[in-house]
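Here the structure is laid out as structure tokens; the discussion comes afterwards.
Just so you know, all these numbers are worked out from the coordinates, no wet-lab data involved. These numbers were taken from a predicted model, which means no experiment stands behind them. Here the Cβ positions follow ideal geometry from the backbone for every residue, glycine too, while neighbour counts run over all protein chains shown.
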Amino acid sequence: MRIKRIGLWLLVCGIFLGLSLGIGMCAKDKSVNQKEKLYESLELFADTVSIINGGFVDEVDSKDLIYGALKGMLSSLDPYSQFLDPDTYKEMKVTTGGEFGGLGIEISIRDNLLTVISPIAGTPAYRIGIKAYDRILKIDDESTKDITLIEAVKKMRGKPGEPVKLTILREGAGRLLEFNIVRDIIKIESIKEAEIIEDKIGYIQIAEFQEHTKRDLDKALKKLEAQGMKGLIIDLRNNPGGLLTVAVEIADFFLPEGKLIVSTKGRNLAQNLVFKSHKTSAHLDYPIVILINEGSASGSEIVAGALRDNKRALLLGTKTFGKGSVQTIIPLSDGSAVRLTTSKYYLPCGESIHEEGIVPDIEVDEEEYVAKKQEKVDVFEQIEKEPQAEIDLEKEQQEKYDIQLERAIDLIKGIVAYQDLTSVQKLP
């Protein structure tokens, strides 16, 4: 028994040492006292595993015990650090491919509650009315208390066509809300819309930052600029982020060379990075307004903050979500992986927006308002459809307006008009 326990202790030491080396967090200058404390803790862990193996009522797989311990260890750090067993890691890689069966929401843990970062535009969750900051208290009537992000994702993901019931706590609702959402194939397109909306004002909606977002944005900008675009609205509302490097590339499109985009700082010197713009042909010839809301997180906050701090864009909307940490995926030898928060990012102004968010330059609540208007009726068409119906020469129609977008359009118009005025005044 003693030999078994020593062997198990060595195994545990090996696993933890391997993790430490793989993550690069074991600094060479750690004191002997710290090392002694580490080995004492590992021995305590090995003793506990040995007691479970020898005394638990059912036979236990040692790997299951180790996996359980690693999940608990990572989840105790912060809401974003996780241990990914081989199946979960494989599933995560499938998700990043851009297509999977699910609801279409990005989630996090806030105040020990499962919280929606943002619904992805065009998905079942978005269409049914799930909002950023909704707290998910139950999934299919099962409590989410103490649930991990990985467990929550597994419960909500599944075969298209199958329903999922979410019980939601929403601030100001006054009661719990229940949503029955039918899973669908989630296809994440980075650029949702790119068009000239009016008066040569371009509109681009970026849903998420993926590997091909840079290529898609380049294509969209060339199309709009060929149509004589005079101003641009970039819609980052409900954009949960994505790849840090891609967010940097997107900001790089609109900044002159040498401007600070974002910096990251961590305990490991290798995580202290500075990202600056390097393009010499940036798109600098027109004003930009960026739309943001509480569903704008991570990468979208990097882009918004970088363009605002470099005086390249104005931000309009509501305060962003406030996810300012960077996670690194470290694969392990058995097909599992560690997702570890390794640094926080800082905007050009030096601020970290982690759990704080970015306050827009112009705050506009995103509630849509309804405008009513009278429209003339085609009498002959109405008689043909309903011969016996009462004829009304006018009918009332309702039109929904996106108030934030409308305000952004007005703002761009004002800036363009001012630029035209000042350019005329400078003529000899």
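Taking Lys and Arg as +1 and Asp and Glu as -1, the other residues whose beta-carbon sits under 14 Å from that of residue 77 total +3.
Can you bin segment 214-316 into rounded, prolate or oblate? Criterion: square roots of the alpha carbon gyration tensor eigenvalues sorted a ≥ b ≥ c, rounded for a/c under 1.5, prolate for a/b above b/c, oblate for the rest. Note, shape of segment 214-316 comes out prolate.
When 290, 120, 186 are ordered from fewest to most other Cβ atoms inside 10 Å of their Cβ, what list results? Kindly include the intermediate steps, with their values, before the conclusion.
Working: 290 29, 120 26, 186 21.
So the residues, fewest neighbours to most, are 186, 120, 290.
Residue order for 116, 164, fewest other beta carbons within 10 angstrom first, comes to 164, 116.
Name the trypsin sites (Lys or Arg not before Pro) in segment 79-168 that are in a loop by DSSP and that have at most 10 other C-beta atoms within 10 Å, would you? If you can, show how the numbers build up before the last one.
Values: sites: 90, 93, 110, 127, 131, 135, 138, 145, 154, 155, 157, 165; in loops: 131, 145, 157.
Counting only loop positions with at most 10 other Cβ atoms within 10 Å, the trypsin sites (Lys or Arg not before Pro) in segment 79-168 are 145.
Seen from all directions on average, segment 318-366 presents a Cα convex hull projection of 5.0 nm².
Beyond a 27 Å Cα-Cα separation, which of these cross-linked pairs lie in this structure: 219/323; 90/159; 138/323? Don't skip to the end; give the middle numbers.
Numbers: 219/323 29 Å; 90/159 17 Å; 138/323 24 Å.
The pairs that break the limit, which is 27 Å between Cα atoms, are 219/323.
The shape of segment 191-363 comes out prolate: with a ≥ b ≥ c from the C-alpha gyration tensor, a/c is at least 1.5 and a/b beats b/c.
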